[in-house]
There are 2 protein chains.
Amino acid sequence: MTSQDVILGLLMHHSLSGYDMKHKMETILSYFNNASFGTIYPTLSKMEKEELITKQSVIQEGRPNKNVYSITEKGREQFKTYMYSPVEDNEFKSDAMTRLFFGEFVEKDVIVGVLEEYLQRTKGHMERLSKLYVECQPEMSHSQEICIQIGINNSESQIRTLTQGIVRLKNLAEK
Amino acid sequence: MTSQDVILGLLMHHSLSGYDMKHKMETILSYFNNASFGTIYPTLSKMEKEELITKQSVIQEGRPNKNVYSITEKGREQFKTYMYSPVEDNEFKSDAMTRLFFGEFVEKDVIVGVLEEYLQRTKGHMERLSKLYVECQPEMSHSQEICIQIGINNSESQIRTLTQGIVRLKNLAEK
DNA sequence: GGACACATGTAACAAGTTACATGATTAA
DNA sequence: TTAATCATGTAACTTGTTACATGTGTCC
């Protein structure tokens, strides 16, 4: 799965500008994907050359002009090829968990701090997802609902585990 | 957090060869980290030049010789600097979830297939973690226990969500 | 005979990040 | 006036992956 596949997926519904795509990636796709402008714009240029998408320049008043991209028939085929290809493994990398793993080499307070920050971030993450779910549920597909439920339920589970972990570590420190 | 920080952490306890490190990353660190030989060996060379680690060649019989690396005082300081630095956000990328998100553009069976494979992989993942927990619990630190519990509990939660999702999608297909 | 574990290393390549460059409008 | 939103794009850099190259011993 590359950024190209995600862009093709986004264009299956509507035509979008690079800026719009970035916004979608930061909201509805953010919990299992990410891409910066430095990835999006060069990828769009490449895809246009390969005739997977076409560009239309839209002149706007009071705003910068924008390039709106649409998917071509060739692009739709490419997207199908992706959707039928073997599923790749998830990629996960956690700095917070790495610190927990090596926690024995620093003071307990530092680790409690890591846990508390991780908990706050997870709570924020879950709130954003829950809000998104409430807002977008009417227009969501069935598999999109499953997708966001995975995100919400995993966050909930993580909040529970972290909360318990903090209590246990703190008790240990007092004794 | 770079591979360097992880390598320093691994060397805080024992001296290790690059091959040993790869093994650790594939087992006890695998659920929040990963690195290939193509990353490990060049990083070790770089770290040796920077005097964060030292190399000792060990001649073995019936096996290839190996280079065993030990952390230096400078390396320990560098490791502490890492452990006290601001915690970076988790990185997560999921091909399976991307396909769920764009599931409306393919047949329901394809999505059920994605869900079932994702479920099987998650089950396998959880079994490996549970086994690891049972095997290593005696020598695990408190924060390491929290770390692996996060992994196990998140997997459990994901198994539940996926199982429910499969049932719901399948019922929908029958109607 | 074949696969796997042990063991190290490089080179080519892919992918993505960060920072820079530009610039108008709008709201606090 | 300061920040945010809208809007695109490039260049340098970092990081990591895959594949190749090499070779022995052990187990089935």
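Odds and ends about this structure:
- Dividing the C-alpha radius of gyration of segment B:16-98 by 2.2 N^0.38 Å, with N its residue count, gives 1.33.
- Cleavage-rule hits (GluC sites (Glu not before Pro)) in segment B:1-80: DSSP loop, at most 10 neighbouring Cβ within 10 angstrom: B:E61
- Label point 7 Å beyond Cα of A:E107 along Cβ direction - residues of segment B:70-90 with amide nitrogen under 20 Å: B:76-87
- Kirkwood Rh and Cα Rg combined as Rg/Rh, segment B:38-175: 1.14
- Per-residue [θ]222 nm for chain B (sum of -39500 (n - 2.57) over DSSP H runs n ≥ 4, rounded to 500): -21000 deg cm²/dmol
- Reachable aspartates and glutamates, given that their alpha-carbon falls under 20 Å from the alpha-carbon of A:K49 and they are not under 8 places away in the same chain: A:D5, A:E73, A:E77
- Listed residue pairs exceeding 27 Å between alpha carbons, taken from A:K93/B:K66; A:K55/A:K131; A:K24/A:K66; A:K22/A:K80; A:K24/A:K93; B:K24/B:K55: A:K93/B:K66; A:K55/A:K131
- This model, with +1 at the C-beta of Lys and Arg and -1 at the C-beta of Asp and Glu, gives chain A a dipole about its Cα centre of some 200 debye.
- Global dimensions of the protein assembly as shown from alpha-carbon coordinates: Rg and Dmax equal 23.1, 77 Å.
- For segment B:95-174, size of Cβ-based charge dipole, Lys and Arg +1, Asp and Glu -1, in debye: 120
- Whichever aspartates and glutamates have a C-alpha closer than 13 Å to that of A:K123, once near sequence neighbours (fewer than 8 apart) are set aside: A:E156
- The distance linking segment A:86-124 with segment A:1-26 is 30 Å (Cα centroid to Cα centroid, whole angstrom).
Taken together, the values in this text are just the output of simple stated rules run on the coordinates, not laboratory data. Given the structure is predicted, the values throughout are model-derived calculations rather than measurements. Because the Cβ atoms are built from the backbone with ideal geometry, glycine has one as well, and the counts that use them run over all protein chains shown.
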